[in-house]
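Colleague: Provided herewith is a single structure, encoded as structure tokens, for subsequent inquiry.
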Amino acid sequence: MKNVRVNSDSSIYSLMMPTSRKAPSVSDEKLQVVSAPKAPAVRSDDQLIDDFYARLTKQQLDWADSNKDSTVTKSEYMDSQARLAKIDNRVFDPATAEQHWNKLDPTGKGWLDESELREGYENLLPVSVGHLDANYAERLRTRQG
């Protein structure tokens, strides 16, 4: 067996000797640097609730206002609730829909514009924003299941 001498001019030398390497830079690789997306602005509880009622009112107006006169009549409301029940594969309950209409239209006028519809939904569906304590998410992450 012949002894092989490894020195700096040997090709195997580079495999055995650690060398420091410079990581490629963004400019070397000609990569584009993309900045992180901006986080949405923090919104107050009142703003969140206001947005909820605004969306709910717009959706109901778009769904129920069949003649597109920017008002919802009792007949349009009842028809829209029947259509919704059919889409959801559930039985339409006219008595419940009538109770809801009576809360939406407490004066008995028979029709509602957008602001009255919103006010009615605020009475029919009171909502609030809930908050978790600061450690709740951490407790969920570390909980053993």
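Nothing in this text is a laboratory measurement; each read-out follows from the coordinates by a stated rule. All of these numbers come straight from a predicted model, not from anything done at the bench. So basically every Cβ, Gly included, is an ideal-geometry build from the backbone, and we count neighbours across all protein chains shown.
Colleague: Quick one: what are the phi-derived ³J(HN,Hα) couplings along the stretch 136-143, Karplus 6.51/-1.76/1.60 with θ = phi - 60°, whole Hz, x for glycine and proline?
Modeller: Values, residue by residue: 4, 4, 5, 5, 5, 5, 8, 5 Hz.
Colleague: State which entries of LYS38/LYS103; LYS68/LYS103; LYS38/LYS86 exceed 32 angstrom in Cα-Cα distance in the structure shown.
Modeller: Beyond 32 Å between Cα atoms: LYS38/LYS103; LYS38/LYS86.
Colleague: Let me ask you something else. Evaluate the distance, in nm, between pseudo-label points positioned 7 Å from the Cα of ARG43 and of PHE92 along their respective Cα→Cβ axes.
Modeller: 3.3 nm
Colleague: With only alpha-carbon atoms counted, please give the Rg and Dmax of the stretch 45-124, in Å.
Modeller: 12.5, 35
Colleague: Okay, next question. Report, in debye and to the nearest 20, how large the dipole of the stretch 45-124 comes out about its Cα centre when Lys and Arg carry +1 and Asp and Glu carry -1 on their Cβ.
Modeller: Computed charge dipole of the stretch 45-124: roughly 420 debye.
Colleague: Same structure again: Report relative contact order for the stretch 45-124 in percent, whole number only (criteria: Cα-Cα under 8 Å, sequence separation at least 6).
Modeller: 33 percent
Colleague: Arranged by the count of other C-beta atoms within 10 angstrom, fewest first, what order do TYR77, TYR136 take?
Modeller: Numbers: TYR77 23, TYR136 10.
Ascending number of Cβ neighbours within 10 Å: TYR136, TYR77.
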